[in-house]
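The values are calculated or read from the model by the stated rules, or taken from the named source; none is laboratory data. Source: prediction; values computed, not measured. Cβ placement follows ideal geometry from the backbone for every residue including glycine, while neighbour counts extend to all protein chains displayed. Heads up: the accessible areas ignore ligands, DNA and RNA and are worked out on the full protein's heavy atoms, side chains in. Shrake-Rupley method; radii C 1.70, N 1.55, O 1.52, S 1.80 Å.
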Amino acid sequence: MSEATSSIFEESKHVVVLRRLRLIKPEHRAQAFRRVFIAVALAWLPLALLSTMQSLTSGHRELLHAFFVDIAVHARYVLAVPILILSEYIILPRLDLTARHFLVSKIIDASDRERFDDAVASTRRLSLGIWPSAGMTLLVYAFVIIIAFTIHAGLLPAWHYAADATHLSLAGWWHLLISLPLLLGLLLSWVWRVGVWTRFLHQVSRMNLHLISSHPDKAAGLQFVAFSPRMFMSLALTIGIITAGTFANEVFHLGLNPLDHPAVPIATTIVVVAIFISPPLVFGRSLLMTWRRGVFEYGALASRLGTQFEDKWLGPESKVDQESLEKPDFSSTTDLYSVTANVYAMRPVLFDPRAAISLALVTLLPFAPIWLSVIPAKVILSQLLKLVI
């Protein structure tokens, strides 16, 4: 394997051993958790310390209370940020393994090997390049500036402001200049990586691929790509945590009834599933052409064999006994029809319903404590029964 195909995404050299309950190699766990500790120490700890200091010096204990009951800030910087960092050690190596499987499975034609290596190299440059990083940094701080100048002061938590509520507190400034850009930067980097991954798959889909319409996976040998959205479950969980944190503030502090506002979790789930299910869909054109070709070729072959079979065994003078049933004509016809059935059952769209359901459930998971805390268990069970029955 060439050097270009050895690694596609940033930090993909941290190859993950995909064992049960062992997502990160032991030798990389220390580095991963060290990065998590540093990120939390930068994003959350100063907010807690500065809010405490401001509350003690001003005598307004309600400011400290406002910080510690702000569910959104804890969800973002104690849960979401660590998961986004750990996802690099879980998702990126799996994406590399998926990309390499195009070569391992011989789907890439030898004539397109150079194009494939070029696609890998360009993907790696886009992932590691200084210009994408610089562009994302500028975009993040531009977004923060827009928030600072456009958002209504009443929408910000009380701990963002000093005791006189006329200007931002130190905690508020730290949140706008350090904590929020860190979170947005991590989110935007993953959005960028998903886009780069989609671009890579699109480039591969335009190559001369060895797709087999009779493949037992009923996806011409590309079912491994349809499974790839499952890799992004940790990101789906992160987005659910961030959204649920803000939603929880409205439920517990503003008295919002979650039953009256189901659009928030539903819309979040739909968007998340759509984002992560979309990349494999770029193979739709190639799969449709493979399916059409297979239907004509295998259909014609099955018809010819069927005609010969019927002429031989269903004629007026044909005799079928126990000895006849043991002849290879029957088994070979059955085998061909079984292969042809795979062709007709082939799906021209790389969509895995189980992956979509998994992403949806993981996205909704952070909302479960909110519903359970305000909705009686009897009501939840009755609603579930209505969905099932």
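The table for this structure:
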{"read-out": "Top-ranked residue in the stretch 345-378 [being β-branched (Val, Ile, Thr) and under 14 Å from the mean Cα position of the chain (by Cα); ranked as least open to solvent (accessible area, probe 1.4 Å)]", "value": "363"}
{"read-out": "Members of the stretch 313-366 found to be at pLDDT 75 or above and of a type in the set (D, E, K, R), listed by number", "value": "335, 347, 352, 354"}
{"read-out": "Filter result for residue 61 (modelled with pLDDT of 95 or more, basic (Lys, Arg) and within 30 Å of residue 174 (Cα to Cα))", "value": "no"}
{"read-out": "Tabulated pairs, the stretch 361-375, first at positive phi, second surrounded by fewer than 21 Cβ atoms within 10 Å (Cβ to Cβ) and at pLDDT 90 or above, C-beta under 9 angstrom, 6+ apart or interchain", "value": "none"}
{"read-out": "Qualifying residue in the stretch 288-304 (condition: part of a helix (DSSP H, G or I), in contact with a strand residue (DSSP E or B) (Cβ under 9 Å, 6 or more places away or on another chain) and at pLDDT 90 or above)", "value": "yes"}
{"read-out": "Qualifying residue in the stretch 177-187 (condition: in contact with a strand residue (DSSP E or B) (Cβ under 9 Å, 6 or more places away or on another chain) and on the phi < 0 side of the Ramachandran plot)", "value": "no"}
{"read-out": "Hits in the stretch 47-66 - residues which are open to solvent by less than 70 Å² (accessible area, probe 1.4 Å), more than 22 Å from residue 78 (Cβ to Cβ) and either assigned to a helix (DSSP H, G or I) or touching a His at 6+ places or on another chain (Cβ under 7 Å) (or both)", "value": "58"}
{"read-out": "Some residue of the stretch 266-274 being surrounded by fewer than 20 Cβ atoms within 10 Å (Cβ to Cβ), under 30 Å from residue 115 (Cα atoms), of a type outside the set (S, T, N, Q) and at pLDDT 95 or above", "value": "yes"}
